[in-house]
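Before any comments, here is the structure.
Rule-based calculations on the coordinates, nothing more; no lab input. If you're wondering where the values come from, they're calculated on a predicted model, not measured in any experiment. Virtual Cβ from ideal backbone geometry, glycine too; neighbours counted across all protein chains shown.
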Amino acid sequence: MQPVRVERGNSPVILAFPHVGTDLPIEVADRLNEEGRLLRDTDWHIHRLYDGLLPGVTTVTATQSRYVIDLNRDPSGVSLYPGQTTTGLIPLTTFDNVPIWREGREPADQDKDHWLNTVHRPYHDALSAEIARVRAIHGAAILYDCHSIRSHIPWLFDGRLPDFNIGTDGGATCAPELEAETLRICQASADHSTVLNGRFRGGWTTRHYGHPETGVHAIQMELAQISHLAGEEPPFELHPARSTRMREILADILNALAGLVPRLIRP
C-alpha cells in the first residue's frame, strides 16, 4: 500500500493527517509486542472528524502507523522538545513509556534508513508538492496539521490536557491574524478549554513548512481525545454528541482561515 493518500482541492487550506494510519508492514507487525499492536497512540478518527468541513480542501493522509516511523519528527532525529520527555523518530515506547517492541526485536539503524526512504520522505514529498500547488493558485497556502492525543499522559505532561492545543511555535509559523482567529474561535466555546503554544507548540511539520514570509502558513491543532472520543482506551470510538460539537467548531476555524487568505497576499 502507498504510504500517503492525497485528495486535491482548490481551497487555500491543506489538511495534513500524519498519525491516523494503522497499516503495519509485516516486518514491523511481527516485531511489535501485544501493547505495540494496539496502536494506542494513533490519532483515532481525526480524518473522520474533519471530513467535509471545508469545501475544496486538500488532504494529505498517512496510511502507515506512527510506530513504523513518526512523520511529525525531524528526519535527523533531533528532539522537538529538548529537555522534555517525548518519543523518537521510530518510537520505542508508547506515550506512557511502555515498550512496544518484542525483546530483542527493537528497530536498528537500517530500519530507520529504510522507513525514512519508503514512508517519511514520500509523505513529505507529497505534502511539499501540495503546498507548492496551492500557493501557486492563491498566492498563499495554509497548512493545518491535524492531531489528537489522550488527555491524561503523566509521562508527557501534568494534569489534564486542554481540549484545543494550538501550536504556532510562538507565532513564528503563521501570520498573527491566523493565530488570533483560531484562538478566538476556540475560546468562544464555553464547554471546551484552550491553550496557545502550551505543551504542544507545533511539531516538525509545522516548524519545517511554516514560513509566513514565503506565503506558507502552518498551524498545528492537537485535540484532547476525550473531546470527541467515547473513551481513551480501546476500542477508541467516536462519541456522537462530542464529535458533532467538535465538528461545528472545527468547521468555523477552517472556514475562517480560508476567508483570511486574501489579506495575506502581499501586493
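Tabulated values for the structure
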quantity	calculated
Test item: Cα-centred dipole of region 4-264, Lys/Arg +1 and Asp/Glu -1 on Cβ, debye	460 debye
Order of 125, 252 - criterion: other Cβ atoms within 10 Å of each residue's Cβ, fewest first	125, 252
The chain - mean residue ellipticity at 222 nm from DSSP helices (-39,500 (n - 2.57) per run, n ≥ 4, rounded to 500)	-8500 deg cm²/dmol
Mean separation of Cα contacts under 8 Å, 6 or more apart, over the residue count of the chain: relative contact order %	23 percent
Calculated from backbone phi, Karplus (6.51, -1.76, 1.60) coupling profile of region 113-119 in Hz, x at Gly/Pro	4, 5, 6, 4, 6, 9, 10
In sequence order, calculated HN-Hα J values of region 182-197 (Karplus, 6.51, -1.76, 1.60; Hz; x Gly/Pro)	4, 4, 4, 5, 5, 5, 6, 7, 5, 9, 9, 9, 9, 9, 10, 6
Antiparallel bridge percentage (DSSP; both residues within the chain; nearest 5)	35 percent
In Hz, Karplus ³J(HN,Hα) per residue of region 130-144 (6.51, -1.76, 1.60; θ = phi - 60°; x = Gly, Pro)	5, 4, 5, 5, 5, 5, 5, 6, 10, x, 7, 9, 10, 8, 10
Helix axis angle, 240-264 relative to the chain longest principal axis, alpha carbon, degrees	50 degrees
Amide proton proximity set for residue 148, modelled H, under 5 Å, gap of 5+	223
Exposure proxy ranking, count of Cβ atoms within 10 Å, fewest first, for 105, 242	105, 242
Burial ordering of 138, 211, fewest other beta-carbon atoms within 10 Å first	211, 138
Enclosed volume per residue, in Å³, of the convex hull spanned by Cα atoms of region 180-254	112 Å³
Reference-scaled alpha-carbon Rg (2.2 N^0.38 Å with N residues) for the chain	0.96
